[in-house]
Amino acid sequence: MGEKRFVYMDHAATTFTKSEVIEAMLPFLKEHFGNPSSLYSIGREGKEAIETAREQLAKAIGANPEEIYFTSGGTESDNWAIKGTAFARRKKGKHIITTPIEHHAVLYPCEYLQTKGFDVTYLPVDRYGLVDPSEVEAAVRKDTIFISVMYANNEIGTIEPIPEIGEIAKEHGIPFHTDAVQVIGKIPLDMKQKDRNVDMLSLSSHKFYGPKGIGALYLREGTEIENYMHGGGQERKKRAGTENVAGIVGLGKAIELATANLEKHNERTKKMRDRLLAGILEIPDCMLNGHPEKRLPDNLNFSFEYIEGESLLLMLDQRGICSSTGSACSSGSLEPSHVLRAIGLPPEIAQGSLRLTLGDENSEEDVDYVLEVLPEIVGKLRAMSPFYKPTTACEK
Ligand SMILES: *Cc1c(COP(=O)(O)O)cnc(C)c1O
């Protein structure tokens, strides 16, 4: 056994908060603690800081500041977009179009709406998790009230053709929501150009080196939506609750850094990712999940035959490597990921999945370490499996 390192490769789950971000936040946890709705100076400072963050975020995604609403994170933004739009437009129809590979923050609100009389179409996806825009076109009905398709998948990294789907939504006059939580700092967004047909967009600060518990919903001017939080008049009477000032300031700083760092981030992570990919594919009976090219620059997802993902994860953790698997042990039964099932993986293959997502603090030494440790662990686990007989060479 070589030396043990600490290697964090689970950036799709969350990222560390950058020190510049923490520095920017601190004054709003200390001296500038006033309520931003108050009129005295320590309150006004908070209010001004919120508006600065709103401008930073708007600039980063090519939006107008008036189109940005701060929320408690990706989950709230998704819930607001979905339930808020469904209830605002329910007199126009009850049909919703989405995909089976959305994050649960989209899928479960849709399932909830089904219990309230809405009708949901889950579009087919191909074996890479790609949605075909023509399937969106085919699913549109007279009573379709909105479409929600994620920008990029959090498990397998596949990037969806959002501008093309937006075009179809626009032609039919249907509001279009996208969960863009995984793309900030990786794919440039431009709500005035490329993404001009997106009406609602969710994002979350802790996925781009900002703090947890803060996010935003972009709402294009004129978008019909009901409030989700009722109470005070914050966020131009659209999202009640005293603002998380420090969090908002942190989000503003984080998105500014993420945008400035985008190309460098992609170049660095892609280089490490590709070496990791080539090295891991040397392990027999493994395959890459997700699209080979249309994927996030920092995401890798593999299936290892004859291996149970959770055992793999625990053994990697013992060696200091933080990763993620598509199988979660819930109440003793192993539930394979809904995303891996939707792309057609049989349950036993879906269960042996491993997600590695790279980030700014990873180095080539981290890649070396994973490439040293992972094959060894896979070998050990397979040696314990009564079913394993090495057969095929690695499937690309
Ligand atoms: C993390 C994530 C969310 C949830 O965001 P939170 O801020 O953790 O609530 C939603 N959608 C996607 C695609 C995510 O990766």
Restricting region 282-368 to GluC sites (Glu not before Pro) in coil, as DSSP defines it, with at most 14 other Cβ within 10 Å
282, 293, 361
Below 8 Å, C-alpha to C-alpha, sequence gap of six or more: please give me the relative contact order for region 19-258 in percent.
27 percent
Compute the helix-to-body angle for 309-318: its Cα long axis versus the longest principal axis of the chain, expressed 0 to 90° and rounded to tens.
90 degrees
For region 19-258, take the alpha-carbon Rg, divide it by the Kirkwood Rh, and send me Rg/Rh.
0.98
Using the alpha-carbon atoms, what tilt in degrees (0 to 90, nearest 10) does helix 41-61 show relative to the longest principal axis of the chain?
60 degrees
Please work out the C-alpha center-to-center distance from region 358-376 to region 138-208 and express it in whole Å.
32 Å
Mind checking region 1-44 for chymotrypsin sites (Phe, Trp or Tyr not before Pro) that DSSP puts in a loop (not H, G, I, E or B) and that have at most 16 other Cβ atoms within 10 Å?
6, 16, 33, 40
For the charge dipole of region 51-100, defined by +1 on Lys and Arg C-beta atoms and -1 on Asp and Glu C-beta atoms about the Cα centroid, which residue among 64, 52, 84 has the Cα displaced farthest towards the positive pole?
84
Tell me, how many Å apart are the Cα centres for region 10-31 and for region 75-104?
31 Å
So, with a 1.4 angstrom probe, what is the percent of accessible area on region 19-258 that is carbon and sulfur?
53 percent
Between the DSSP loop rule and a limit of at most 13 other Cβ atoms within 10 Å, which trypsin sites (Lys or Arg not before Pro) in region 123-175 are left?
127, 142
For helix 104-115, what angle does its Cα long axis make with the longest principal axis of the chain, in degrees from 0 to 90 and rounded to 10?
70 degrees
Quick one: putting +1 on the C-beta of Lys and Arg, -1 on the C-beta of Asp and Glu, what dipole do you get for the chain around its Cα centre, in Debye to the nearest 20?
900 debye
Which FRET efficiency value, to the nearest 0.05, is calculated for residue 127 and residue 227 with the Förster distance at 41 angstrom and r the Cβ-Cβ distance?
0.55
Scoring only Lys, Arg, Asp and Glu (+1, +1, -1, -1) among other residues with Cβ under 13 Å from the Cβ of residue 320 yields -3
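The values are calculated or read from the model by the stated rules, or taken from the named source; none is laboratory data. Computed from a predicted structure; not experimentally measured. Virtual Cβ from ideal backbone geometry, glycine too; neighbours counted across all protein chains shown. The protein model used for the area step is the full one, side chains on, heavy atoms only, and it has no ligands, DNA or RNA in it. Shrake-Rupley method; radii C 1.70, N 1.55, O 1.52, S 1.80 Å.
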